[in-house]
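Structure, as structure tokens:
Here, each number is a calculation from the coordinates, and none is a lab measurement. Model, not experiment: these values are computed from the prediction. Every residue, glycine among them, receives a Cβ derived from its backbone with ideal geometry; neighbour counts consider all protein chains shown.
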Amino acid sequence: MAFSHFIGHPARLAFSTLKATCLAHLTLTQLAQVSSAQGPSMLPTFAVDGDWIAADMRYRLGRGVSVGDLVLYKIPISAHTHGVKRVIGMPGDFVSLGTPGERGEEQMIQIPEGHCWIVGDNLPASRDSRQFGPLPLALVQGKVVAKILPWAERQWFGKGLSAADPQ
């Protein structure tokens, strides 16, 4: 479609601009979100200085999320910020409250209905469910499906956990 189609027709131009804006809004709020993952909590999966990720928003509210998935979520103790963590427990699962290797008695809890347990890949440097408890699934914004920047390190993230190679 040539731009000349809109010249002399301001209503047509305004309507087409409105349609494009609505489509972009729906795409960025309901289908996908691009965000940065910053901080040391997800090393080595994501760099400290901030890799750029793509999240599939169809997994909002925890729909279809499973153990091993990376999720984009609203941080419960800071409502206007987002974080990225790995799901290690779903409703009914038992998880350890502590960090492996730390001294003290190990405590286990059962994750309540409507919640999940999330932790960073770099446990000593992560603020996660060990500090704020089980995450309500209502705070899950989407499932991280790809690292898109830096371009040389781009990758897709598959479904949940995968088996380790026996050595």
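Which lysines have a Cα lying under 19 Å from the Cα of LYS143, excluding residues fewer than 8 positions away in the same chain?
Within the straight-line cut-off, LYS143 pairs with LYS74, LYS85, LYS159.
For the residues VAL140, VAL95, VAL87, what sequence is obtained by ranking on other C-beta atoms within 10 Å, fewest first?
So the residues, fewest neighbours to most, are VAL95, VAL140, VAL87.
With 10 angstrom as the radius, rank LYS147, LYS85, LYS74 by how many other C-beta atoms surround their C-beta, starting from the fewest.
Working: LYS147 21, LYS85 26, LYS74 16.
Result, fewest neighbours first: LYS74, LYS147, LYS85.
Just in segment 16-66: which trypsin sites (Lys or Arg not before Pro) are loop by DSSP and have at most 15 other Cβ atoms within 10 Å?
Within segment 16-66, the qualifying trypsin sites (Lys or Arg not before Pro) (loop, at most 15 other Cβ atoms within 10 Å) are ARG63.
Show me, for segment 137-144, the HN-Hα J-couplings you get by feeding each phi into the Karplus relation (A = 6.51, B = -1.76, C = 1.60, θ = phi - 60°), rounded to Hz, glycine and proline as x.
Per-residue couplings from phi come out as 4, 5, 8, 6, 8, x, 9, 6 Hz.
Output ³J(HN,Hα) for segment 77-91: one whole-Hz value per residue in order, computed from phi by the Karplus curve 6.51 cos²θ - 1.76 cosθ + 1.60 with θ = phi - 60°, and x for Gly and Pro.
8, 8, 4, 9, 10, 10, x, 10, 8, 9, 7, 10, x, 10, x
In square nanometres, what is the average projected area of the Cα convex hull of segment 33-156? Numbers along the way, then the final one.
On the way: hull surface 29.6 nm².
Computing the convex hull of the Cα atoms and averaging its projections yields 7.4 nm².
Ranking TRP52, TRP117, TRP156 by Cβ neighbours within 10 Å, fewest first, what do you get?
TRP156, TRP52, TRP117
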